[in-house]
Amino acid sequence: MSNRKGLWVHTLDDKGQICWQGQVLYWGPKRVQLQLFSWWTGYPTDIKTVSPEQTKEWRLFTSQGEWLEAGQRTFMKVKC
């Protein structure tokens, strides 16, 4: 995938759980910028900058619909 700008993202923690949700603002050889979105409101929150090496376990989605559906499936599995 050469142009990753605009892709929707779920980042994973070391247990494979979704940690951040966001959209790629910039993906270069030395840094990746990600617009994060609130889990509660869906509104943009922070912008994070990480190294490309930190993206290896990210789940990438080409549309917002796919991204939202994947997030909803994750939350439906949570038992309270």
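The values are calculated or read from the model by the stated rules, or taken from the named source; none is laboratory data. Predicted model only: the values in this text are computed from it and were never measured. Reconstructed Cβ throughout: ideal geometry from the backbone, glycine too, with neighbour counts over all protein chains shown.
Structure summary
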| read-out | value |
| --- | --- |
| Index of the failed condition, residue 6 passing every other in (1) part of a strand (DSSP E or B); (2) modelled with pLDDT of 95 or more; (3) not basic (Lys, Arg) | (1) |
| Residue that is surrounded by the fewest Cβ atoms within 10 Å (Cβ to Cβ), among those in the range 7-36 that are over 9 Å from the mean Cα position of the chain (by Cα) and hydrophobic (A, V, I, L, M, F, W, C) | 25 |
| Selection within the range 63-79 - over 17 Å from residue 37 (Cβ atoms) and either of a type in the set (A, V, I, L, M, F, W, C) or at pLDDT 95 or above (or both) | 76, 78 |
